[in-house]
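The values are calculated or read from the model by the stated rules, or taken from the named source; none is laboratory data. This structure is a prediction, so every number in the text was calculated from the model and none was measured. Ideal geometry is used to build each Cβ from the backbone, glycine not excepted, and the neighbour counts take in all protein chains shown. Each accessible area value is taken on the protein alone, full model and side chains, heavy atoms only, with ligands, DNA and RNA left out. Shrake-Rupley method; radii C 1.70, N 1.55, O 1.52, S 1.80 Å.
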Amino acid sequence: MSSVQTVSTNPYEGQKPGTSGLRKKVKVFLQENYTENFIQSILDANKESIEGSTLVVGGDGRYLVKEVVSKIIKISAGNGVAKLLVGQNGILSTPAVSHIIRKYKTLGGIVLTASHNPGGINNDFGIKFNCSNGGPAPDNTTNEIYKISAAIKQYKIVPDIACDIDKVGVYKFKVEDRDFEVEVIDSVKDYVDYMKEIFDFPKIKTLLQGSEQRKPFRVLIDSMNGVTGPYVKRIFIDELGAFDDNVRRVTPLEDFGGAHPDPNLTYAADLVTAVKNGGYDLGAAFDGDGDRNMIIGRDAFFVTPSDSLAVLAHNLEHVPYFQRTGVHGFARSMPTAAAVDRVAEALGKEMFQVPTGWKYFGNLMDAGRLSLCGEESFGTGSDHVREKDGLWAALAWLSVIAGVGKSVEDILIEHWKKFGRNYFTRYDYEECASESCADMMRELERRMTAPGFVGSTFVSGEKSYVVALADDFSYMDPVDRSVAMKQGLRIVFEDGSRIVFRLSGTGSSGATVRLYIDSYEATSVLGSAQEMLAPLIDVALRISDLNKYTGRDKPTVIT
Ligand code: G1P
Ligand code: ZN
């Protein structure tokens, strides 16, 4: 029998979860009791239901995951949790956690990830709490966790509980007069079983292997040394009969092999090269924790996430899951280009525009009003779980391709010809000085809200834009009527073009400014995005004085 120890501690400042959990440098988490405080705060925020509960625990395999899993086991035991479902080796992708919470109806889960941020001792770590619906905790819960962390005085721990999380099995303990159990589960099985229910695997297998009518469709799936490696191997190699040259970087590494595990054209540049040189028909990459995706076609034809969402929305009948559930509404985050809005209109579906962050989709899904949603930041997903889901997106694309029998590029071109095209780009200015970025946002907001701004004209080259609306986006959740304010400065012009400015909520140091540009063309659909958007970018830089405030003459990343 083990006993619970109560350890005195002092609060740390700044344990405030951002867009998606608490993310800091590993060295911050290594401070004495820093991690313990935050875990205890999560459990305290759930104190009414924690006794006798079950929680899911897993992470993306980055540096510190295993140590923190072991702390969570000990602290959970100290707080009366009855059972933990822990991924083998501490590995669970973010969408897999969401699925396991839902499948086994647990109180929630703790996900150990800093998502697409680099890993290793000098980089980032993160802790995120997901609720019983499988989704990231909403603002009221994260605010509560933060409040508790700011006043914490003690945590409860059972120091002598240890179990081998590298081996699948059930470990039983007696903590004082209670039973406590840790079940180490196969990290991939539940998720893979679910994907087999959602998609028609035999049909995708025929696509990949080819048939008498059609040559094999060659894919290159890149896990970027993140958590999706084992899932990709099981799904693509074991289930879909792909070969070793159809997958890459499928071993999760603590530092992602030095890669920045963010699937975009900058950080997944070597996938782009490999797809071009290898003559692949489709390339897909996922981020560290497996919720983001990037899709490219032959010759690395790039599908923007906003277009990916619109194309999937238009073709959901090729996914068996939706044949069963029907298609309810669609949603996108505010900065995401409005391509999917046109599909919603054509199909007569409800369409929602929410603030940045997946947590805002959950209520709509739970209310049965949302089937498919996405963010421009390489997030796509559906109501099959309550997180975005990278592998799901790749399988959805393969289902559409198998269904319509066309290439990625042809699918896009046809889509644009039917609906018109939203040209989109995002400029990121990473790790700038926090104060001057805050000044920029303040000054911009002052200008935008001054009398006469709406109705004023901005000219760049041959183009001129008249401001139709300028605000700091706020959102009222139609289900629980909670309000999220200050979600991004938005300038909308009379032709529907938009410029959006936001400060990132996921960075671990300094400030990151994101500038989003979205412009709709009904007929000129085959241009280059950077050329088509050049005048609006020029206007955005002038309105904001971005270069002056950030001290940068160009962004760190363009997507
Ligand atoms: C970023 C993305 C946002 C996404 C989040 C978590 O947040 O912009 O769409 O939900 O990562 O993956 P940001 O850093 O902009 O706050
Ligand atoms: Zn992620």
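Annotations
- Residues that are touching a Phe, Trp or Tyr at 6+ places or on another chain (Cβ under 8 Å) and either modelled with pLDDT under 95 or of a type in the set (Gly, Ala, Ser) (or both) within segment 380-393 comprise Gly381, Ser382, Gly390, listed in sequence order.
- Residues that are touching a residue at least 40 places away in the same chain (Cβ under 8 Å) and surrounded by fewer than 19 Cβ atoms within 10 Å (Cβ to Cβ), drawn from segment 538-547: Asp538, Arg542, Asp545
- Total residues in segment 385-425, condition buried (at least 24 other Cβ atoms within 10 Å of the Cβ), more than 16 Å from ligand 2 (Cβ to nearest atom) and not in a helix (DSSP H, G or I): 4
- Considering segment 340-364, the residues that are among the aliphatic types (A, V, I, L, M) and open to solvent by 10 Å² or more (accessible area, probe 1.4 Å) include one that is farthest from His99 (Cα to Cα), namely Ala346.
- Matching residues, segment 101-128, being touching a Ser or Thr at 6+ places or on another chain (Cβ under 7 Å) and among the β-branched types (Val, Ile, Thr): Ile101, Thr106, Val111, Thr113
- Pair list, Cβ under 6 Å, 6 or more apart: segment 1-21 residue over 30 Å from Gly135 (Cβ atoms), other residue open to solvent by 80 Å² or more (accessible area, probe 1.4 Å) and part of a strand (DSSP E or B): Met1/Lys174; Thr6/Gln154; Ser8/Gln154
- Residues in segment 277-292 that are open to solvent by less than 10 Å² (accessible area, probe 1.4 Å) and within 11 Å of ligand 1 (Cβ to nearest atom): Asp287, Gly288, Asp289, Asp291.
- Residue within segment 313-335 that is within 16 Å of ligand 2 (Cβ to nearest atom), open to solvent by 10 Å² or more (accessible area, probe 1.4 Å) and either under 30 Å from Asp124 (Cα atoms) or assigned to a strand (DSSP E or B) (or both) present: no
- If the condition is being in contact with a Leu (Cβ under 8 Å, 6 or more places away or on another chain), assigned to a strand (DSSP E or B) and either more than 10 Å from ligand 1 (Cβ to nearest atom) or acidic (Asp, Glu) (or both), then segment 494-512 contributes Ile499, Val500, Phe501, Ala511.
- Subset of segment 52-97 [polar (S, T, N, Q), on the phi < 0 side of the Ramachandran plot and surrounded by fewer than 24 Cβ atoms within 10 Å (Cβ to Cβ)]: Ser53, Thr54, Ser70, Asn79, Gln88
- All positions within segment 229-243 that are out of contact with any Pro (no Cβ under 8 Å at 6 or more places or on another chain) and either open to solvent by less than 60 Å² (accessible area, probe 1.4 Å) or touching a residue at least 24 places away in the same chain (Cβ under 8 Å) (or both): Tyr231, Val232, Arg234, Ile235, Phe236, Ile237, Glu239, Leu240, Gly241, Ala242
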